[in-house]
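Worksheet for the structure shown next.
The values are calculated or read from the model by the stated rules, or taken from the named source; none is laboratory data. The structure presented is a predicted model; accordingly, all values stated were derived computationally and were not measured. Note that we place each Cβ from the backbone using ideal geometry, even for glycine, and neighbour counts take in every protein chain shown.
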Amino acid sequence: MWQIKYHKEALAELKKLDKSQQVEVVKKIKQVAINPLPRSEGGYGDPLGSKGGTKLSGYFKIKLLKLGLRVVYKLVRKNNIMRIIVVSAREDDEVYKIAHERKQKD
């Protein structure tokens, strides 16, 4: 299992969700963390590319359709870290814009 680390703003987003949503999101993240590599490498990762004018190659998404949420994460392969960048509603491409902004800051 990969080590899960949260961007401070992603952690704040997670804490803003109600308890039942938090449980579901964390459960899904832990499930993907068993093997977060891209599907092309046998993992559960759903790779992102250019979404809504953003360049998010090397980033991945987790869809929680029932909750209407998406999680965007990045892998730090050297240390086996799954870094959670965004936990947000999947309204249009807003989640990808947020991920792109945070990518620019890191």
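So, E24, is that one without any contact (Cβ under 8 Å) to a residue 12 or more places away in the chain and of a type outside the set (A, V, I, L, M, F, W, C) or not? No.
When you look at K28, is it charged (D, E, K, R), out of contact with any helix residue (DSSP H, G or I) (no Cβ under 6 Å at 6 or more places or on another chain) and assigned to a strand (DSSP E or B), yes or no? Walk me through how you get there before you give the answer.
Numbers: charged (D, E, K, R): yes; out of contact with any helix residue (DSSP H, G or I) (no Cβ under 6 Å at 6 or more places or on another chain): yes; assigned to a strand (DSSP E or B): no.
For K28, the condition - charged (D, E, K, R), out of contact with any helix residue (DSSP H, G or I) (no Cβ under 6 Å at 6 or more places or on another chain) and assigned to a strand (DSSP E or B) - is not met.
The set of residues from segment 16-32 being surrounded by fewer than 18 Cβ atoms within 10 Å (Cβ to Cβ) and over 13 Å from S88 (Cβ atoms) comprises D18, K19, S20, Q22, V23, E24, V26, K27, K28, K30, Q31.
Can you confirm whether L56 is within 25 Å of K27 (Cβ to Cβ), at pLDDT 85 or above and out of contact with any His (no Cβ under 9 Å at 6 or more places or on another chain)?
Numbers: within 25 Å of K27 (Cβ to Cβ): yes; at pLDDT 85 or above: yes; out of contact with any His (no Cβ under 9 Å at 6 or more places or on another chain): no.
Against the criterion (within 25 Å of K27 (Cβ to Cβ), at pLDDT 85 or above and out of contact with any His (no Cβ under 9 Å at 6 or more places or on another chain)), L56 does not qualify.
The residues of segment 64-106 that are in a loop (DSSP other than H, G, I, E, B) and either within 18 Å of V26 (Cβ to Cβ) or among the small types (G, A, S) (or both), listed by number, are L65, K66, L67, G68, R90.
Every condition in (1) closer than 19 Å to E101 by Cβ; (2) of a type outside the set (A, V, I, L, M); (3) out of contact with any Gly (no Cβ under 8 Å at 6 or more places or on another chain) holds for S57 except the one numbered (3).
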